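The values are calculated or read from the model by the stated rules, or taken from the named source; none is laboratory data. Computed from a predicted model, the values in this text were never measured in an experiment. No Cβ is skipped: glycine too gets one built from the backbone with ideal geometry, and neighbour counts run over all protein chains shown. Calculation scope for accessible area: heavy atoms of the full protein, side chains included, ligands and nucleic acids excluded. Shrake-Rupley method; radii C 1.70, N 1.55, O 1.52, S 1.80 Å.
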Amino acid sequence: MTTLYEREMQSTFVPIQLKCRKLSLSATSLRDRDVLSKSDPMAVLYSKEKDGSLKELTRTEVVLNSLNPKWITKYTMAYYFETVQNLVFRVYDIDTQFHNQDVKMLKLEEQDFLGEASCTLAQIVTKSDRSLTMDLVSGEQFSGQAHARKFGKLTIFAEESISSKTTVELKLRCSELESKDLFSKSDPFLVVSKTTESGIVVPICKTEVMKNDHSPTWKPVFLKIQQIGSKENPLIIECYDFNSNGKHSLIGKIQTSLLDLEKLHSAGTSANLFIPTAMGPKQENKVLKSQLFVESYSEKIQYTFLDYLAFGYELNFMVAIDFTASNGNPRLPDSLHYIDPSGRPNAYQRAILDVGEVLQFYDSDKRFPAWGFGARPIDGPVSHCFNLNGSSTYCEVEGIQGIMMAYISALHNVSLAGPTLFGPVITSAAHIASQSLTNRERKYFVLLIITDGVITDLQETKDALVQAADLPLSILIVGVGGADFKEMEILDADKGERLESTTGRVAVRDIVQFVPLRDVQNGDVSVVQSLLAELPSQLLEYMRFRKIQPTL
């Protein structure tokens, strides 16, 4: 059972922004547009917006007389896993008369165009060396010309900061804590905070609560050096007595730093806690008998989601679609499965396209397992896991469009039925993930389940999820329509309670993310952002659970 404190802790967790620290550019074999010398190239980086427009992000310096420039200017760019970040690179030969001007002031239409290339940020960061080389083309191919001329090559390198990965693991212990409870010992926990330049105290992490213990030893805590700033920056460690009403009593505190904590561990000494007795300019502290010990101190590289992608791990997309009768007759416009002649996608198509558009860049062969459930194929019984492509032997389709075509074909070849069962499709996905694990493949699987109804095999689904939690698998669930999705919230386990199987086994990790479409379709956050928010951390949790490090 999750404690009140643990639920309080989990509510403070926020997604970690993944950063591709710097983009560096170089080119080879550029066109020579100067008569008496070589070209003087400059590169311009754009982001391509959803409406197709280009937003300029940065310009490099001008490299004089070079057809193989290596630009020094770098662009720091945030990497968002859950969105498709389209980039366009254009290279220009800068006319001699403009060499003394600030590059930001240059009018690009007055310069000679040398070529352009486009890609997504995901295509760069998924490379083992985080670099991507592309042909520079005339630009005509982006206007519909199939045979654009090639004008050299452009290489983009994504450089990530090592310091951002350095994490300190601390195991802390206290002795002789004072009692804050009348009839029992205190229930102590620690809060580690940093002090900003403006003097604001910002909590970084907390330990678990130790019941009735005046000499507690807590589980290790992890502090990112980047989060603190440096090992010399000040830290505050506060020890509280936990109270269920949320009004925790301060037992004592110390002011320290990572460097001081490292020295305490090396020397095998301790620091006394104190408690403020007067506030303001003349603050006074009462030193306590209570002491803080650093049982262990170690620094290590905390590998990131991007590290595992560079290591060769792929995300393999799977999809399972609800064909139960509660979706309505697909031939009628009020059905959730209605295929609009105008081409406007229904809720199922939208979910497939939006999620698939992101995940397809992380799957090299782009062959996606696709299933349906809750329908009766022609001349057969109701099936709760049938191959969407109609095959009796294999479940994969080619690309996102392959899923879309198989989905539309299935609507013409099955009769919608019921009930809504998740267990069989989760078991099928888990079987594929298990085989991949046995074969030592560098793959992590993502199953998208799109459904309109309340599941009728809740406990069987829990059993399947508890078994699947050991595997390289995450499950995304999109709820469409107006059904009551309370049971989906149970499967999501975001409120802290891990799923438990019929036999009493508890899931080793949370692998489910549920989003009801109606809750996000009119908001600022897209379905994809809501669905994929936890996926990088779920993959990292799996890697740590299996003790897999991204080393060749």
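Odds and ends about this structure:
- Residue check: Gln435 meets all listed conditions (1) open to solvent by less than 40 Å² (accessible area, probe 1.4 Å); (2) at pLDDT 95 or above but one, namely (1).
- Residue check: Ile72 meets all listed conditions (1) open to solvent by less than 80 Å² (accessible area, probe 1.4 Å); (2) of a type outside the set (S, T, N, Q); (3) under 19 Å from Ser29 (Cα atoms) but one, namely (1).
- Glu232 being assigned to a strand (DSSP E or B), over 20 Å from Ser296 (Cβ atoms) and not small (Gly, Ala, Ser): no
Every residue, every condition in (1) of a type in the set (Lys, Arg); (2) surrounded by 17 or more Cβ atoms within 10 Å (Cβ to Cβ); (3) modelled with pLDDT under 95, yes or no:
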{"position": "Ser392", "(1), (2), (3)": "no, no, yes"}
{"position": "Glu398", "(1), (2), (3)": "no, no, no"}
{"position": "Gly418", "(1), (2), (3)": "no, yes, yes"}
{"position": "Ile426", "(1), (2), (3)": "no, yes, no"}
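- Selection from segment 286-302 of residues that are open to solvent by 80 Å² or more (accessible area, probe 1.4 Å) and under 22 Å from Glu176 (Cβ atoms): Lys286, Val287, Lys289, Glu295
- Some residue of segment 306-313 being charged (D, E, K, R) and either open to solvent by less than 10 Å² (accessible area, probe 1.4 Å) or more than 33 Å from the chain's Cα centre (by Cα) (or both): no
- All positions within segment 405-427 that are closer than 21 Å to Ile378 by Cβ and within 26 Å of the chain's Cα centre (by Cα): Val425
- Residue in segment 66-77 that is touching a Cys at 6+ places or on another chain (Cβ under 6 Å), part of a strand (DSSP E or B) and within 30 Å of Leu540 (Cβ to Cβ) present: yes
- Listed by first and then second residue, the pairs linking a residue in segment 497-516 that is under 19 Å from Ile352 (Cα atoms) to a residue that is buried (at least 20 other Cβ atoms within 10 Å of the Cβ) and β-branched (Val, Ile, Thr), with Cβ atoms under 7 Å apart and 6 or more places separating them unless they lie on different chains, are Val512/Ile475; Val512/Ile477; Phe514/Ile477; Val515/Val478; Val515/Val527.
- Single match in Leu465, Leu539, Leu471 (criterion: within 28 Å of Tyr348 (Cβ to Cβ), at pLDDT 90 or above and in a loop (DSSP other than H, G, I, E, B)): Leu471
- Flag if Val44 is aliphatic (A, V, I, L, M) and either modelled with pLDDT of 95 or more or assigned to a strand (DSSP E or B) (or both): yes
- Any hit, segment 165-173, residues being open to solvent by 40 Å² or more (accessible area, probe 1.4 Å) and either at pLDDT below 90 or in a loop (DSSP other than H, G, I, E, B) (or both): no
- None of Pro341, Pro330, Pro345 is in a loop (DSSP other than H, G, I, E, B), farther than 20 Å from Leu531 by Cβ and free of Cβ contacts under 8 Å to residues at least 12 places away in the same chain except Pro341.
- Restricting attention to segment 388-413, the residues that are of a type in the set (A, V, I, L, M, F, W, C) and in a strand (DSSP E or B) add up to 1.
- Checking Glu208 against (1) open to solvent by less than 20 Å² (accessible area, probe 1.4 Å); (2) within 26 Å of the chain's Cα centre (by Cα), the condition it does not meet: (1)
- Phe293 without any contact (Cβ under 8 Å) to a residue 40 or more places away in the chain, part of a strand (DSSP E or B) and aromatic (Phe, Trp, Tyr): no
- Within segment 27-41, the residues that satisfy the criterion of being touching a residue at least 24 places away in the same chain (Cβ under 8 Å) and either part of a loop (DSSP other than H, G, I, E, B) or open to solvent by 30 Å² or more (accessible area, probe 1.4 Å) (or both) are Thr28, Ser29, Leu30, Arg31, Asp32, Arg33, Asp34, Ser37, Lys38, Ser39, Asp40.
- Any chance Gly374 is more than 30 Å from the chain's Cα centre (by Cα) and open to solvent by less than 50 Å² (accessible area, probe 1.4 Å): yes
- Of everything listed in (1) more than 22 Å from Tyr362 (Cα to Cα); (2) within 36 Å of the chain's Cα centre (by Cα); (3) free of Cβ contacts under 8 Å to residues at least 24 places away in the same chain, the single unmet condition for Glu110 is (2).
- Looking only at segment 115-131, and only at residues there that are at pLDDT below 95 and of a type in the set (A, V, I, L, M, F, W, C), the one that is nearest to Asn316 (Cα to Cα): Ala122
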